[in-house]
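See below for the structure under consideration.
Laboratory data are not the source of any read-out in this text; all were calculated from the coordinates shown. What you see is a predicted model, and the numbers here were worked out from it, not measured in a lab. Backbone-built Cβ (ideal geometry, glycine too); neighbour counts: all protein chains shown.
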Amino acid sequence: MSKATTTVRDGSSPAAAEYLLGSSCAERERLLAQCELLRPASASLLDTIPLPPIARVLDLGCGPLGILDLLSERVGPAGSVTGLDTDHRMIGWARESVTELALGNVEVRHQALPPPAAAEARYDLAHCRLLLINTTRPRRILNSMAASVRAGGWVAVQEFDWATWQCDPPHPAWSRLKDLLAGVFGGDVHIGARLPGLVREAGLTDIRTSAHAYYWQPGDRYQTLLLSFARLFRDRLLRHTTLTSEELDSLTSTLHNHLGQPHTTVRESLLVQVRARKR
Ligand SMILES: C[S@@+](CC[C@H](N)C(=O)[O-])C[C@H]1O[C@@H](n2cnc3c(N)ncnc32)[C@H](O)[C@@H]1O
């Protein structure tokens with residue numbers, strides 16, 4: 001086993017259990033669609049990171065694709081991209097993506113990053129997207145990412161901040177459901193706002209922060225994402241809040257009607273990007 005990674009045993013990893021959105025086919029499809037949506041923003045982040053001609057890079061929590069394809073273009077044919085994920089179904093799907101897209105310089109592994117003390121500083125860039133928002137251990141993950149890059153190498157992170165996630169016209173059902181979901185989501189839904197401070201705490205320098213915003217109209221798939229999350233988290237909402245199932249049904253149906261009005265616009269969570277360098 002490589003020193004730089006820690007094998008995850010199927011079904012036994014607390015880290016694997018942590019991703020509460022699960023690894024259903026619907027989640028795979030949602031993540032792949034999101035890869036398309038976020039592709040230009042992710043490419044613009046990579047534009048700010050000078051990599052050597054033959055680069056070694058990591059996409060942590062790559063899911064069914066992550067930014068493996070974008071990284072593949074940038075490391076050069078002799079470079080290498082490693083995708084890691086703690087969910088074995090995600091890794092199976094990532095392998096399918098690698099084959100379909102003929103990404104010859106990409107390998108994916110069902111593994112977690114080791115703790116900082118056990119890391120081998122081998123990568124020119126360690127990246128993660130929408131990983132920290134789903135975890136209760138963002139500092140530990142960032143420390144491991146920082147430890148896994150060589151001196152002079154880069155860490156890049158992209159995470160949402162739910163603060164900007166609003167509908168217009170506003171509606172109390174939106175605010176109530178969003179607040180309830182934030183409480184059961186599993187990670188800090190405002191982690192995007194904390195990224196510059198978190199990477200600084202991880203000992204990184206030369207920090208550059210940027211952000212991207214998206215707006216949705218009725219008919220756009222992401223306009224109703226809050227309702228999709230309410231369906232996915234239904235059991236947790238009923239278990240961990242005072243909502244009864246009738247109240248939850250009434251809340252979601254009221255919001256469904258509001259979002260279906262011809263002029264209801266949704267402003268998406270802010271996608272915050274940070275890139276920083278290891279001394
Ligand atoms: C929201 S998905 C994002 C996938 C991908 N980065 C993207 O942007 O499309 C989060 C992924 O992180 C994985 N994950 C969660 N905790 C992890 C950890 N500690 N180490 C590696 N992967 C993890 C999950 O299995 C899931 O595939």
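Given Cα pairs under 8 Å that are at least 6 residues apart, what percent is the relative contact order of the stretch 97-150?
Details: 44 pairs, mean separation 24.2, N = 54.
Relative contact order for the stretch 97-150 comes out at 45 percent.
With a sphere of radius 15 Å drawn around the Cβ of residue 213, what net charge do the other residues whose Cβ falls strictly inside it have (Lys, Arg +1; Asp, Glu -1)?
Working: positive: 267; negative: 159, 161, 168, 220, 268.
Neighbourhood net charge equals -4.
Take the Cα atoms of the chain, find their three principal axes, and give me the spread along each one in whole Å, biggest first.
54, 39, 37
With everything on Cα atoms, drop me the angle between helix 25-47 and the longest principal axis of the chain, reported from 0 to 90° to the nearest 10.
60
Per DSSP H run of at least 4 residues, take -39500 (n - 2.57); add these up for the chain, divide by its residues and hand me the 222 nm value, nearest 500 deg cm²/dmol.
Computed mean residue ellipticity for the chain: -12500 deg cm²/dmol.
So what's the net charge close to residue 172: Lys and Arg +1, Asp and Glu -1, counting the other residues with Cβ under 12 Å from its Cβ?
+1
Rank these for me by crowding, 90, 145, going from fewest to most other beta carbons within 10 Å.
90, 145
Most exposed first by the Cβ proxy, i.e. fewest other Cβ within 10 Å, how do 128, 62, 35 rank?
Arranged by neighbour count, lowest to highest, 128, 62, 35 become 35, 128, 62.
Sort out for me the Cα centre separation of the stretch 157-185 from the stretch 56-133, rounded to whole Å.
30
Please sort by residue number the GluC sites (Glu not before Pro) in the stretch 69-135 whose DSSP state is loop and whose Cβ has at most 14 other Cβ atoms within 10 Å.
120
How far is helix 138-148 tilted, in degrees, relative to the longest principal axis of the Cα atoms in the chain, given as a value from 0 to 90 rounded to the nearest 10?
20
Note down the relative contact order for the stretch 27-127 as a percent, whole number, built from C-alpha pairs under 8 angstrom at least six residues apart.
30
Which net charge results when you count Lys and Arg as +1 and Asp and Glu as -1 among the other residues whose beta-carbon is under 14 Å from that of residue 74? Walk me through the numbers on the way to the answer.
Working: positive: 39, 56, 275; negative: 47, 59, 69, 73, 124.
Local net charge: -2.
For the residues 222, 19, 123, what sequence is obtained by ranking on other C-beta atoms within 10 Å, fewest first?
Working: 222 17, 19 20, 123 25.
By the 10 Å Cβ count, ascending: 222, 19, 123.
Could you work out the Rg to Rh ratio of the stretch 72-200, with Rh taken as the Kirkwood radius (inverse of the mean 1/r over all Cα pairs)?
Dividing the radius of gyration by the Kirkwood radius yields 1.04.
So if we plug the beta-carbon distance of residue 73 and residue 163 into 1/(1 + (r/R0)^6) with R0 = 45 Å, what FRET efficiency do we get, rounded to 0.05?
For residue 73 and residue 163, the calculated efficiency is 0.90.
Against the longest alpha carbon principal axis of the chain, how many degrees, from 0 to 90 and to the nearest 10, is the axis of helix 88-100 turned?
The angle comes out at about 70 degrees.
Among the trypsin sites (Lys or Arg not before Pro) in the stretch 59-121, which ones are in a DSSP loop with at most 11 other Cβ atoms within 10 Å of the Cβ? Mind listing them?
Here no trypsin sites (Lys or Arg not before Pro) fit, given the DSSP loop and packing criteria.
Would you mind calculating the relative contact order of the chain from Cα pairs under 8 angstrom and at least 6 residues apart, reporting the percent as a whole number? Mind showing how you got there, number by number?
On the way: 532 pairs, mean separation 55.5, N = 279.
Over the chain, the number comes to 20 percent.
So what are the ³J(HN,Hα) numbers for the stretch 256-269, from phi and the Karplus equation (6.51, -1.76, 1.60; θ = phi - 60°), rounded to whole Hz, Gly and Pro as x?
4, 5, 5, 5, x, 5, x, 10, 7, 9, 10, 9, 5, 4
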